[in-house]
There are 2 protein chains.
Amino acid sequence: MATIKDVAKKAGVSITTVSRVLNNHPHVREETRQKVLDVLRELNYVPNANAGSLARKSTSIIAVLVPDITNTFFTTLLRGIEDKACENELLVILGNTDEDPSKEQIYIHKFLERRVDGLIVVPVENRRKNLKIIQRHEIPFVLVDRRVEGVDADFVGSDNYQGARLLVNHLIELGHRDIAMLSGPKEVSVFRERVEGFLSAMRDKNIPVKPEFILYGQKPIKEIGYNLTCRLLSYKTRPTAIFAANNSLAVGTVTALQQAGLNVPRDLSVTCFDDNDSNSFKPFFTSVIQPAYMMGYVAAEILIKRLKNNKKGQANKILMQTELVKRYSTAPGPAGIAD
Amino acid sequence: MATIKDVAKKAGVSITTVSRVLNNHPHVREETRQKVLDVLRELNYVPNANAGSLARKSTSIIAVLVPDITNTFFTTLLRGIEDKACENELLVILGNTDEDPSKEQIYIHKFLERRVDGLIVVPVENRRKNLKIIQRHEIPFVLVDRRVEGVDADFVGSDNYQGARLLVNHLIELGHRDIAMLSGPKEVSVFRERVEGFLSAMRDKNIPVKPEFILYGQKPIKEIGYNLTCRLLSYKTRPTAIFAANNSLAVGTVTALQQAGLNVPRDLSVTCFDDNDSNSFKPFFTSVIQPAYMMGYVAAEILIKRLKNNKKGQANKILMQTELVKRYSTAPGPAGIAD
DNA sequence: GTGAAAGCGCTAACAA
DNA sequence: TTGTTAGCGCTTTCAC
């Protein structure tokens, strides 16, 4: 591949001049510029961005880390990030951690080696270790969706506590009392918050919560949702409604229920956080929707601002509101609908 | 961030020696190695991969270009690629073209600038231009899913022609005669092949095909599927079955049908290519499934082989078999089931 | 076993 | 307006 040197020689100018026309610097005579432009074309010149980054000490790349790239919530988030990044001529590189802390660590390391300008990360769990590595090297990053204790960084999330309350209040209004909650790992902030919202809504209405009705899965994925639901079904007294902490868990829940010959919502109501599938022709779940696209967009915005302002300033903490969307997975419970 | 120079100075050795221990070269005294290792840790040294790439003239990065990152088919493909790449310590960077040729061009350019070692691309359309750019710079790449006329490159796809025949034969067996086909753009090979498969299966059974029953969309996405289906429904004689060329079109189709008060499969049968949602608890569509994961894995395998063998050798052309999966979107048609 | 030095392709003072 | 030069952080040849 042709280098800037080749171009300079052929155009009969110095490499500095070529560099100037490549970067649209002023103070280049129109005639010279044209000549260089011609040679550029003639040689099919493609600048080596790595060499440029090395010299410029900045890559114009931001890295994004998500726990599950097959989850609509994260792909939508990603799209928000990409759009904002694109507006600012930044390249986005993506890592999929699969909810695995060691994968997270590997990706973070690779991204640091590539000297990305900044990162946007949905952290896998509550261990500060991986994030501290980023901080130690003073690379700006923003946390999305999940907080991590002891890490003071920009954060964009949604009001999980309030969202969970919306969902639970809806179930209570439908007449449900025996409500079970399927949570993701305790270590992840969003799941703790959703459980707390659940508990508070129940407390407000003086409805007792059976301890065995709160189940924590190691990962918020459908296989785990399936297993936990089977456990619920094995109880002598079963819940009449299940609140799954995310979309994937809910899918596992419904799978287990169907397999047990139970109809949703006739026999049991099911609710969850987030949409399950962007492609669905008939969204099924009554759920609380987070503004995923906006969360990504804003996260990128904050990161970019930091990149431009030389990383200064206090951490931003942004909390977005959620919305309850009633659909087909919930129905009146045994207590009947309250007025 | 600490550089190799800092490490060398602090360890009292030359940068060459540091480089040697970083790359596990032999001929380093164990004592020296240990000392360097200690300093490496002490300074939290993270090698600059861009500088390394520049010197080594290879980045160990491969780029992947897909048309729609929200489509399960492509995310599954991607996962296959990633797994194989990971085995070989390659970093994958992703571009989402949104079926837009100009986005494709932009990404290809960015990837070339970053000097990726190779690319895996699901091309947007049948224009050679973007791919010729890659070829001109002699960067290895493999085409996946879609072929491009006039481009002789490694290719991994599936037997769309045969897959379409499976689907159509199934519909015919169910007693359907008035079968409509919703295709993606003519310019994309897979859609041409699926239409041809459709036509050949109909011809084999001597069933006439109404020209107005073959509709081409500009993009294979649900919005277009919706529009085309509305067009079908406006005809005086409607089809009794619709063959959507991919999963997203099919979702649009069902949406339109539901909106028109039609039940699938009672009033109309619908089939398509590929699964619609990896997360579904009750896959709905009778469809032909391509081995997406395997396609990605094999594509990466071929690319990596080429990277190692110095790019030599004739182009591989791999065609994988598809599988018909009968589910809930098809039912017997007016002619009744054939024996 | 170890180091000096050249070079990868580019940017950015500084001079002219 | 243009060119010279010194890096950016690393690899690698060659000599010791």
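The values are calculated or read from the model by the stated rules, or taken from the named source; none is laboratory data. Just so it is clear, the structure is predicted and the values come from calculations on it, not from any experiment. Cβ: placed from backbone, ideal geometry, glycine included. Neighbour counts: every protein chain shown.
Kindly provide the set of residues from region A:89-133 that are within 11 Å of chain B (Cβ to nearest Cβ) and more than 18 Å from the chain's Cα centre (by Cα), ordered by number.
Passing the criteria: A:89, A:90, A:106, A:109, A:110, A:112, A:113, A:114, A:115, A:116, A:132, A:133.
Annotation note: of A:13, A:21, A:36, the sole residue that is near DNA strand C (Cβ under 10 Å from one of its atoms), of a type outside the set (Gly, Ala, Ser) and either surrounded by fewer than 17 Cβ atoms within 10 Å (Cβ to Cβ) or at pLDDT 95 or above (or both) is A:21. Among residues of region B:40-55 that are more than 7 Å from every other protein chain (Cβ to nearest Cβ), those with a beta-carbon under 7 Å from a residue that is not in a helix (DSSP H, G or I) at least six positions away or on a different chain give the pairs B:43/B:2; B:45/B:2. Give the residues of region B:99-131 that are buried (at least 20 other Cβ atoms within 10 Å of the Cβ) and among the basic types (Lys, Arg), sorted by residue number. B:114, B:115 - these are the residues of region B:99-131 that are buried (at least 20 other Cβ atoms within 10 Å of the Cβ) and among the basic types (Lys, Arg).
Answer yes or no: is there a residue in region B:141-149 that is among the β-branched types (Val, Ile, Thr), over 27 Å from residue B:70 (Cα atoms) and in contact with a Pro (Cβ under 8 Å, 6 or more places away or on another chain). No, that holds for no residue.
Conditions tested, residue by residue: (1) in contact with a Pro (Cβ under 7 Å, 6 or more places away or on another chain); (2) within 16 Å of DNA strand C (Cβ to nearest atom); (3) closer than 23 Å to residue B:276 by Cβ; (4) of a type outside the set (Gly, Ala, Ser).
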site	(1), (2), (3), (4)
B:42	no, no, no, yes
B:45	no, no, no, yes
B:58	no, yes, no, no
B:64	no, no, yes, yes
B:68	no, no, yes, yes
B:87	no, no, no, yes
B:93	no, no, no, yes
B:100	no, no, yes, yes
B:108	no, no, no, yes
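Residue A:123 meets all of the listed conditions (1) under 19 Å from residue A:67 (Cβ atoms); (2) assigned to a helix (DSSP H, G or I); (3) of a type outside the set (S, T, N, Q) but one, namely (2). Only one of the numbered conditions (1) more than 25 Å from residue A:264 (Cβ to Cβ); (2) surrounded by fewer than 21 Cβ atoms within 10 Å (Cβ to Cβ); (3) at pLDDT below 95 is violated by residue B:280, and that is (1).
Can you tell me how many residues within region A:283-307 are within 19 Å of the chain's Cα centre (by Cα) and either in contact (Cβ under 8 Å) with a residue 60 or more places away in the chain or surrounded by 21 or more Cβ atoms within 10 Å (Cβ to Cβ) (or both)?
Of the residues in that region, 17 qualify.
The residues of region A:73-88 that are closer than 17 Å to residue A:220 by Cα and facing chain B (nearest Cβ under 10 Å) amount to a single one, A:75. Scanning region A:265-277 for residues that are facing chain B (nearest Cβ under 9 Å) and surrounded by fewer than 24 Cβ atoms within 10 Å (Cβ to Cβ) yields a single hit, A:277. If the condition is being surrounded by 14 or more Cβ atoms within 10 Å (Cβ to Cβ) and within 22 Å of residue A:53 (Cβ to Cβ), then region A:1-10 contributes A:1, A:2, A:3, A:4, A:6, A:7, A:8. Apart from one condition, residue B:35 fits all of (1) in contact with a helix residue (DSSP H, G or I) (Cβ under 6 Å, 6 or more places away or on another chain); (2) within 30 Å of residue A:64 (Cα to Cα); (3) not aliphatic (A, V, I, L, M); the exception is (2).
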